[in-house]
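Below: the structure, in structure tokens.
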Amino acid sequence: MSVHLSAQEGQIAPTVLLPGDPLRAQHIAQTFLENPVQHNGVRGMLGFTGSYKGKAVSVQGTGMGMPSAGIYIQELIEGYGCTTLVRVGTAGSYQAEVHLRDLVIGQAACTDSNLNFTRFGGLSYAPIADFGLMAAAYARARAHGYAVHVGNIMSSDIFYQDDPTSFQMWARYGVLAVEMEAAALYTLAAKFGVRALCLLTISDHLVTHEVTSAEERQTTFNGMVEVALEAALGTE
Ligand code: HPA
């Protein structure tokens, strides 16, 4: 047990998929895992362990934003010895050529959060993905024929920006898309010497203002989960 997770020792696998939405964790467990067992329900933040093609894997909801996700990520690593953490989430596109439903692999994560300025005493830290996981995810995504982009992403503390054009500064510097958790995931993975990756599907578009339907989100989300499972378990 840790402060926010009620699983017993040994109930969580070394590899964990991390959706923000706890009901997505349940969906992943029910759709992809053999013999899933729920190991967490504290605060409704559902977590499950089962197996995928014979290999043990867990899935744990993180909630939205870096303060929430950081709690679960640190407890999974420190409390349960998890060594491979793959976020599976959605993002808003910053670039015309990164389309709705495309897959984005977060090579590195900028942030507008004070999280790392606080941690590093006002200096700038560059949170990056695990290269082996990233290369494997890219290969699996291409093998499935998915439209996939690899590059910098933005982990924001603010979903509803006062200025809806403020993203353009980041877009000019090549940032592909915005989400709300990866910078914390990559920083904590580095701190504890474990592997992490953030995979995203584009659910909305800040340039064109298009949005996906709930059904489209589910279909593209499922493709991304398969890529995550293949990349993580194939490189354990
Ligand atoms: N902003 C922040 N996080 C997101 C978005 C967005 O537009 N879309 C999906 N996650």
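The values are calculated or read from the model by the stated rules, or taken from the named source; none is laboratory data. Just so it is clear, the model here is predicted, and its values are computed rather than measured. All Cβ positions, glycine included, derive from the backbone under ideal geometry; neighbour counts span all protein chains shown. These area figures cover heavy atoms from the full protein model, side chains too; ligands, DNA and RNA do not enter into them. Shrake-Rupley method; radii C 1.70, N 1.55, O 1.52, S 1.80 Å.
Note down the magnitude of the dipole of segment 15-234 about its Cα centre, charges +1 on Lys and Arg C-beta and -1 on Asp and Glu C-beta and zero elsewhere, to the nearest 20 debye. Display every interim value, and only then the final one.
Values: 13 positive and 19 negative charges, 127 e Å.
With only Lys, Arg, Asp and Glu charged at Cβ, the dipole is about 600 debye.
In debye, nearest 20, what is the charge dipole magnitude of segment 60-154 about its Cα centre with +1 on Lys and Arg Cβ and -1 on Asp and Glu Cβ, if you could check? Mind showing how you got there, number by number?
Working: 5 positive and 6 negative charges, 38 e Å.
It works out to roughly 180 debye.
Would you list the P(r) distribution for segment 15-234, with all Cα-Cα distances sorted into 5 Å bins from 0 and each bin expressed as a whole %?
1, 7, 16, 21, 22, 17, 10, 5, 1, 0
Might you tell me the accessible area per residue for the chain, computed with a 1.4 Å probe and given in Å²?
45 Å²
Given a 1.4 angstrom probe, I'd like the percentage of the accessible area of the chain that is carbon and sulfur, rounded to a whole number.
Its accessible area is 55 percent carbon and sulfur atoms.
Can you give me the distance in nm between label points at Tyr125 and Thr165, each placed 7 Å from the Cα along the Cα-to-Cβ direction?
The two pseudo-label positions are separated by 3.5 nm.
Hey, what number do you get for the chain at 222 nm if only DSSP H runs of n ≥ 4 count, each worth -39500 (n - 2.57), divided across all residues, to the nearest 500? Don't skip to the end; give the middle numbers.
On the way: 7 runs with 82 residues, N = 236.
Result for the chain: -10500 deg cm²/dmol, rounded to the nearest 500.
Taking 7 Å along the Cα-to-C-beta vector as the label spot, tell me the Gln8-Thr208 distance in nanometres, rounded to one decimal.
Each label point lies 7 Å from its Cα, and together they span 5.1 nm.
Work out the length of the dipole vector of segment 161-217 about its Cα centre, built from +1 on the beta-carbon of each Lys and Arg and -1 on the beta-carbon of each Asp and Glu, and round it to the nearest 20 debye. Mind dumping the intermediate values first?
On the way: 4 positive and 8 negative charges, 93 e Å.
Taking the Cα centre of segment 161-217 as origin, the dipole is about 440 debye.
Roughly what angle does helix 131-143 make with the longest principal axis of the chain, taking Cα atoms, 0 to 90 degrees, to the nearest 10?
Approximately 80 degrees, to the nearest 10.
For all pairs of alpha-carbon atoms in segment 106-164, what percent lies in each bin of width 10 Å, listed from the first bin to the last filled one?
Per 10 Å bin, starting at zero, the Cα-Cα P(r) for segment 106-164 comes out as 19, 37, 29, 14, 1 percent.
Between segment 45-78 and segment 93-172, what is the separation of their alpha carbon centroids in Å?
20 Å
Suppose the chain between His144 and Lys53 were pulled fully straight at 0.36 nm per residue; how much longer would it get relative to their current alpha carbon spacing?
Once the chain is fully extended between His144 and Lys53, it gains 31.0 nm.
Take the Cα coordinates of segment 121-207, assign each an equal point scatterer, and use the Debye formula without solvent to give log10 I(q)/I(0) at q = 0.15, 0.18, 0.19, 0.24 Å⁻¹.
Rounded to two decimals, the profile gives -0.67, -0.93, -1.01, -1.34.
DSSP beta bridges in segment 15-234, what fraction antiparallel, as a percent rounded to 5? All intermediate terms of the calculation are to be shown ahead of the outcome.
Working: 17 of 44 bridges.
The antiparallel proportion sits near 40 percent.
List, in order, the whole-Hz ³J(HN,Hα) value for each residue of segment 196-213 obtained from phi through the Karplus relation with A = 6.51, B = -1.76, C = 1.60 and θ = phi - 60°; use x for Gly and Pro.
Those phi angles translate into 9, 8, 10, 10, 9, 10, 7, 9, 8, 10, 6, 8, 9, 6, 6, 9, 8, 7 Hz.
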